[in-house]
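The structure's right below; bear with me while I get my questions together.
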Amino acid sequence: MQQVEGKTAVVTGAASGIGFALAQRFADAGMQVVLADIQENALDQAVKLLHDRQAQVIGVVTDAMVEASVRSLAERAIDKFGKVHVLCNNAGVTNTASAGLAVWEVPNEDWNWVMGVNFQGVLYGLQAFLPGMLAHGEHGHIVNTASGAALLPGQGPYGVSKHSVLCLTETLYFDLQARNAAIGTSVLCPGFVATNIVDAERNRPTALATNAEPINPDLIAMGQAVLAQGKQPAAVAEEVFQSIQRGSVYILPNRAWDEVFSARTESIIARGDPLSVDQATIIERSAQGEDF
C-alpha cells in the first residue's frame with residue numbers, strides 16, 4: 001500500500017505507547033486517523049495533541065474485548081471519514097497480578113481478560129472492519145499487534161494470546177490471498193518497547209477483578225525497568241509504516257531477538273525440549289544497548 005495520504009487509519013490502544021505513535025505517524029503522512037482506547041482521559045489528551053498539530057483525527061472510547069463496542073467504533077469511523085483503509089488492532093494488556101503462577105493456577109478472570117483484549121479484540125476488529133474494507137475495493141492494510149512472545153515459549157496467558165494473534169494473522173493472510181483482496185496484512189512482534197503495558201491493571205474491568213496482590217512484585221518492577229530502556233514507540237511505528245508500504249507480513253523491530261527466535265525454531269525441528277530463554281542475560285544485554 002504505497003499511497004496513504006488522504007486515506008483513513010483506525011488504531012486501537014491509541015492513547016499511549018505504540019498505538020499513539022502509530023496514530024502520530026499516520027497523521028504525519030496526511031492520513032485521517034481514528035484513535036480508539038478504553039481510557040477516556042488519556043484518549044482525550046492524545047486527540048488534543050494531534051489536533052494541535054492540525055491533524056484530521058477523532059477519538060472513540062472503545063473496549064476492545066466487547067464486540068458491540070468494536071462494531072460501534074467501525075460505525076463511527078465510517079460515519080466520519082467514509083472509508084477505512086488501514087486498521088491497527090493494537091490494544092493489549094498483560095496479567096501482572098498473576099505473573100509467576102503456573103498456567104493451571106492463573107485465575108480464570110486473568111485468562112478471560114487477557115484473551116478477551118489481546119485475541120478477541122483483534123478478531124472483533126477483523127469482523128467489524130473487513131467487510132467494509134473489502135466492499136470499497138481500495139488498497140488497504142491490517143496490522144495486528146502480537147509480541148516477541150508470539151515466537152517464544154511460555155509467558156502464561158499473555159504468551160498464549162500473542163501466539164493466537166500470530167496464527168490468526170497468518171490465516172488472515174491466506175484468506176485475503178484466496179479472495180484476491182487488495183488488502184495486505186502484517187503481524188507486529190516487538191521486543192522491549194518503552195510503554196506502560198506493565199501497568200495494564202489500571203484498565204481491568206471490575207467484573208474480572210481478582211483482588212489479588214502481585215505474586216512477584218520484584219518481577220513486575222524489573223519488567224518496568226527493562227521496558228523503560230526499550231525501543232521508543234516512534235521507532236516501532238516507523239517500521240510499521242514502512243512495512244505497510246512494502247506489504248511485509250512479519251514486523252520484528254527488535255533485531256537482537258532474531259538469534260533467540262532462530263534457536264527456538266531449531267529446537268522445534270530437532271524435536272527437542274522447548275527453548276529456555278536466559279532472561280537475566282537478555283536483560284543484561286539490553287541494558288548494554290542491544291536492541292531487545
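Rank F26, P153, W257 by how far each Cα sits towards the positive end of the charge dipole of the chain (+1 on Lys, Arg Cβ; -1 on Asp, Glu Cβ) and give me just the farthest.
Going by the charge dipole, the pick is F26.
Neighbour counts of other C-beta atoms within 10 Å: give me W257, W111, W104 arranged from fewest to most.
Details: W257 22, W111 18, W104 5.
With the sparsest Cβ surroundings first, the list reads W104, W111, W257.
Using Cβ counts within 10 Å as a stand-in for footprinting exposure, how do S267, S16, S186, S262 rank, fewest first?
Listed from fewest to most nearby Cβ atoms, that is S262, S267, S16, S186.
K231: which aspartates and glutamates have alpha carbons under 12 Å from its alpha carbon, excluding same-chain residues fewer than 8 sequence positions away?
In chain and number order, the partners are E239, E290, D291.
Continuing with this model, one more query. Once Lys and Arg get +1 and Asp and Glu get -1 on their Cβ, which of M133, V57, F174 lies farthest toward the positive end of the dipole of the chain?
Result: M133.
Next up: For the chain, what does -39500 (n - 2.57) per DSSP helix run (n ≥ 4), summed and divided by total residues, give at 222 nm, in deg cm²/dmol to the nearest 500?
So the helix-based figure for the chain works out to -14500 deg cm²/dmol.
Please build a GNM for the chain, connecting alpha carbons under 10 Å apart, and tell me which residue among Q56, Q24, Q279 fluctuates the most.
Fluctuation is largest for Q279.
While we're looking at this one, here's another question. In Å and on Cα atoms, what radius of gyration and Dmax does the chain show?
Reported Rg and Dmax, both Å: 18.4, 55.
What are the radius of gyration and Dmax of the range 224-283, computed over its Cα atoms and given in Å?
Rg, Dmax (Cα atoms, Å): 14.7, 39.
With equal scatterers on the alpha carbons only and no solvent term, can you work out the Debye log10 of I(q)/I(0) for the range 15-87 at 0.17, 0.19, 0.25 1/Å?
Once normalised to I(0) and log-transformed, intensities are -0.58, -0.73, -1.25.
So, one more: Using only Cα atoms and rounding to the nearest 10 degrees, what angle (0 to 90) does helix 17-28 make with the longest principal axis of the chain?
Once rounded, the angle reads 30 degrees.
How big is the dipole moment of the chain about its Cα centre under a simple scheme where the beta carbon of each Lys and Arg is +1, that of each Asp and Glu is -1, and everything else is neutral? Debye, nearest 20, please.
For the chain, the charge dipole is close to 760 debye.
What's the exposure ranking of Y250, Y173, going from fewest to most Cβ atoms within 10 Å?
Ascending number of Cβ neighbours within 10 Å: Y250, Y173.
Only the coordinates and a few stated rules stand behind these numbers; no lab work does. Everything numeric here is computed off the predicted structure, so don't read it as measured data. Cβ sites come from the backbone with ideal geometry, for glycine too, and all protein chains shown count toward neighbours.
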